[in-house]
Amino acid sequence: QRLGGNQGLRFRPALNVESVPDLGLLNDLRTALTSGDQLELHYQPQHRLGDGELVGAEALLRWRHPQQGMIPPDAFIGLAERHGLMASLGSWVISQAAAQLAHWHSPELTELPVWINISAMQLFQGNLESTLSSALHRHGLPAYRLGVELTESVLLDERAGDIVGRLQGLRRSGHPVALDDFGTGYSSLGYLKHLPVDKLKLDRAFVQALPEDPADVAIVDAVVSMASGLGLQVIAEGVESREQRDHLLQAGCQLAQGYFYAAPMPAEEFERYGAQLVAH
Ligand code: C2E
Ligand code: CA
Ligand code: CA
Ligand code: CA
């Protein structure tokens with residue numbers, strides 16, 4: 001039985017009362033993708049813990065909805081994935097980040113990498129590498145300027161057959177790769193041994209209660225020493241206080257990002273941020 005167009009939608013079991021407002025949001029997201037001026041990337045600085053040096057930025061998607069105001073990425077990325085919009089949303093992020101990199105001319109930013117978040121779907125759709133390389137070529141940028149953050153839960157995805165091969169391909173092309181939300185995704189440590197990544201991003205959940213919570217202290221210390229044994233860098237996310245920063249530094253963690261340094265900010269502000277750091 002063929003059900004076409006909107007007529008078919010009405011009979012899909014997945015369409016329950018809850019997903020009705022989703023459809024409105026979904027249409028708005030389609031509009032946002034074609035109009036282009038509602039979407040934005042904000043940049044959150046990443047710092048070396050030891051000397052405070054600015055070492056990179058994470059690009060985080062923002063949607064300025066004309067009626068609803070700022071909608072956080074968690075509220076629309078799942079929607080985009082479920083309805084086949086993730087490929088175009090992901091490509092938008094890649095070209096936007098590359099254009100921004102080319103646009104930053106201040107000397108303190110000309111060698112910094114920007115890290116983008118990649119959803120599972122983008123990794124398995126097969127054209128991620130060519131999307132990345134054509135965006136970079138358009139602006140004459142080297143591959144190391146675009147890092148890829150992949151959340152740990154991707155490893156559990158049943159489509160993750162050749163994830164090692166995919167990641168190797170990215171790294172062979174020169175893109176640094178980080179395993180995001182590390183510690184929350186139940187990936188086995190044995191698997192980590194074979195995973196071609198450069199960095200682990202220690203999830204905010206383990207940073208929050210530092211240094212008071214002895215269990216989190218133990219976990220953080222263990223992750224940092226394991227990572228160093230495996231030759232991986234660790235970047236702590238969600239660092240909000242001096243006490244957390246100090247503990248991470250003392251535990252041997254190399255890098256951090258979080259409100260303690262700065263919240264994600266628009267591109268022009270990030271450029272000023274970088275210049276300011278050098279001036280001090
Ligand atoms: P994530 O990759 O784990 O990003 C870190 C989130 O923590 C960001 O939320 C960031 O604004 C927030 N954050 C940073 N520092 C602190 C801090 O010190 N304290 C606290 N409490 N939070 C902090 P955001 O921007 O709302 O993004 C949420 C998630 O949406 C991201 O989590 C990422 O999984 C996803 N996301 C964002 N942009 C993209 C994108 O372009 N593509 C894809 N596929 N996913 C994206
Ligand atoms: Ca991330
Ligand atoms: Ca993260
Ligand atoms: Ca996280």
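The values are calculated or read from the model by the stated rules, or taken from the named source; none is laboratory data. Everything numeric here is computed off the predicted structure, so don't read it as measured data. FYI the Cβ positions are ideal-geometry reconstructions off the backbone, even for glycines, and counts take in every protein chain you see. Heavy atoms of the whole protein, side chains included, go into the accessibility calculation; ligands, DNA and RNA do not. Shrake-Rupley method; radii C 1.70, N 1.55, O 1.52, S 1.80 Å.
Using alpha carbons only, how many degrees (0 to 90, rounded to 10) separate the axis of helix 242-251 from the longest principal axis of the chain?
That works out to roughly 70 degrees.
Using 1/(1 + (r/R0)^6) with R0 = 22 angstrom and r between the beta carbons of residue 95 and residue 272, what's the FRET efficiency to the nearest 0.05?
Working: r = 24 Å, r/R0 = 1.07.
Rounded to the nearest 0.05, the efficiency is 0.40.
Can you figure out the FRET efficiency of residue 82 with residue 221, using R₀ = 41 Å and their beta-carbon distance, to the nearest 0.05?
Values: r = 39 Å, r/R0 = 0.95.
Here the calculated transfer efficiency is 0.60.
Once you place label points 7 Å from the Cα toward the Cβ at residue 168 and residue 34, how far apart are they in nm?
Result: 4.2 nm between the two label points.
In bins 10 Å wide, starting from 0, what share of all Cα pairs of the chain does each bin hold, as a percent?
Calculated P(r), rounded to whole percents: 6, 26, 33, 24, 8, 2, 0.
For residue 198 and residue 241 in one chain, what is 0.36 nm times their gap in residues minus the Cα-Cα distance, to one decimal in nm?
On the way: separation 43, 0.36 × 43 = 15.48 nm, distance 2.60 nm.
That works out to 12.9 nm of additional length.
Between residue 70 and residue 228, what FRET efficiency comes out of the Förster formula 1/(1 + (r/R0)^6) with R0 = 51 Å and r the beta carbon distance, rounded to 0.05?
FRET efficiency, residue 228 to residue 70: 0.85.
Using only Cα atoms, tell me the angle between helix 163-172 and the longest principal axis of the chain; keep it within 0 to 90° and round to the nearest 10.
On a 0 to 90 degree scale, this one is about 60.
Mind checking which of 133, 91, 228 has the largest fluctuation in a GNM of the chain, springs on alpha carbons under 10 Å?
So, out of 133, 91, 228, the one fluctuating most is 228.
Which value at 222 nm does the chain reach when only helices count, each DSSP H run of 4 or more adding -39,500 (n - 2.57), with the total divided by all residues and rounded to the nearest 500 deg cm²/dmol? Show your work: numbers first, answer last.
Details: 12 runs with 120 residues, N = 280.
Here the helix-only value at 222 nm equals -12500 deg cm²/dmol.
Of all DSSP beta bridges in the chain, what percent run antiparallel (nearest 5)?
Numbers: 16 of 36 bridges.
In the chain, DSSP labels about 45 percent of beta bridges as antiparallel.
Taking springs between alpha-carbon atoms closer than 10 angstrom, which of 218, 227, 262 fluctuates most in the Gaussian network model of the chain?
Of the options given, 218 has the highest mean-square fluctuation.
May I ask you to evaluate 6.51 cos²θ - 1.76 cosθ + 1.60, the Karplus curve with θ = phi - 60°, for each residue of region 129-144 and list the ³J(HN,Hα) values in order in whole Hz, giving x for glycine and proline?
After applying 6.51 cos²θ - 1.76 cosθ + 1.60, I find 4, 6, 4, 4, 6, 6, 5, 5, 4, 3, 10, x, 10, x, 4, 5 Hz.
Taking all protein chains in place and a 1.4 Å probe, what share, in percent, of the accessible surface of the chain do carbon and sulfur account for? Write out the running numbers ahead of the final one.
Values: 7190 of 14000 Å².
About 51 percent, which is the carbon plus sulfur part of the accessible surface.
Pairing the Cα long axis of helix 20-35 with the longest principal axis of the chain, what angle in degrees results, from 0 to 90 and rounded to the nearest 10?
70 degrees
What's the ranking of 64-72, 266-274, 40-48 by average number of surrounding C-beta atoms within 10 Å, highest first? Walk me through the intermediate numbers first.
Numbers: 64-72: 11.4, 266-274: 16.7, 40-48: 20.9.
Averaged packing, sorted descending, gives the order 40-48, 266-274, 64-72.
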